[in-house]
Structures are given as structure tokens and as C-alpha cells.
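**Q** A single structure is presented below for examination.
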Amino acid sequence: QVRLAESGGGLVQDGGSLRLSCAASGLTFSIWDMGWYRQAPGQQRESVASIGRGGSTKYADSVKGRFTISRDIGKNTGYLQMNSLKPEDTAVYYCGATLLGSVYWGQGTQVTVSS
């Protein structure tokens, strides 16, 4: 059974930092691509950052230079370091794992940035 468990969300002031974690079981990030997505109220879910099984990374333009995606293969855990947070980063953040058209989602973690 696949499970992705996010943690690390919370309330932070404008300019602050948070580190999100995504612990996986039932699949391995050495094979599956992993990404972070977010969904703000009334908006569609959008991709924030992704890391391929080979380690290549991609970022949305809105977070480039502020967010860093990484993973620890030994712990089978992915991370999203978020610096210089802005109120517009407020959303539920989801971890997703994809492989050959299959996708699994975590339950999400709320990130709220106050101005």
C-alpha cells in the first residue's frame, strides 16, 4: 500500500521559512519522480517543484530562487525548503509521486504566510 505523508506546514510571517517533508512508503523515490504541488482556495492545483528519479529538478517561475526541492533516498523522504515566503505562497501543499502515468498524492499540509 502506497502512502505519502507530508509534514512541516504551519503559520509563518512574510519573509519567513518553512521546510516541508514527504515520507513515502510502498514506493521508492529512487524510481518514482516526486513533486510538490499547491492549491490555494478557489484555484487549481499547480506544480511548485519536481525532482526526477535521476535527480533533475524543475521549479515554477514564482518560486525559483526561493524554494529548493531535495530528497533523501535512504530515508525515502522528499523535502521542500521554502525561504522568503510571501502571502501569495499561502496554500495547501501536496506531495505527489509519479511513474509512467500513475500518480499518488499525500493528504496535504497547510502553509499560511501572514503579511
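**Q** Can you list residue pairs whose Cβ atoms sit under 7 Å apart, with the first residue in region 14-36 being farther than 15 Å from Trp105 by Cα and the second being open to solvent by less than 50 Å² (accessible area, probe 1.4 Å) and of a type in the set (S, T, N, Q)? Count only pairs 6 or more apart in sequence or on different chains.
**A** Asp14/Ser114
**Q** Looking only at region 1-13, which residues are in contact with a Leu (Cβ under 8 Å, 6 or more places away or on another chain) and over 13 Å from Val111 (Cα atoms)?
**A** Selection gives Val2 alone.
**Q** Then there is this: Six or more apart or on different chains, Cβ under 6 Å: which pairs go from a residue in region 44-55 that's in contact (Cβ under 8 Å) with a residue 24 or more places away in the chain to one that's loosely packed, with under 15 Cβ neighbours inside 10 Å and polar (S, T, N, Q)? Could you list them?
**A** Arg45/Gln39; Ile51/Thr57
**Q** For Arg19, state whether it is under 16 Å from the mean Cα position of the chain (by Cα), within 19 Å of Leu99 (Cβ to Cβ) and open to solvent by 80 Å² or more (accessible area, probe 1.4 Å).
**A** Considered against the rule, which asks whether it is under 16 Å from the mean Cα position of the chain (by Cα), within 19 Å of Leu99 (Cβ to Cβ) and open to solvent by 80 Å² or more (accessible area, probe 1.4 Å), Arg19 comes out as no.
**Q** Further, regarding this structure: Name the single residue, out of those in region 10-32 being aliphatic (A, V, I, L, M) and modelled with pLDDT of 95 or more, that is nearest to Tyr79 (Cα to Cα).
**A** Only one residue tops the list, namely Leu20.
**Q** For region 25-51, which positions are open to solvent by 60 Å² or more (accessible area, probe 1.4 Å), of a type in the set (S, T, N, Q) and over 11 Å from Tyr93 (Cβ atoms)?
**A** Gln43, Gln44, Ser47
The values are calculated or read from the model by the stated rules, or taken from the named source; none is laboratory data. Please read all numbers here as calculations on a predicted model, not as lab measurements. For neighbour counting, all protein chains shown are included, and Cβ atoms are generated from backbone atoms with ideal geometry for every residue, glycine included. We work out accessible area using only protein heavy atoms, side chains counted, and drop any ligands, DNA or RNA first. Shrake-Rupley method; radii C 1.70, N 1.55, O 1.52, S 1.80 Å.
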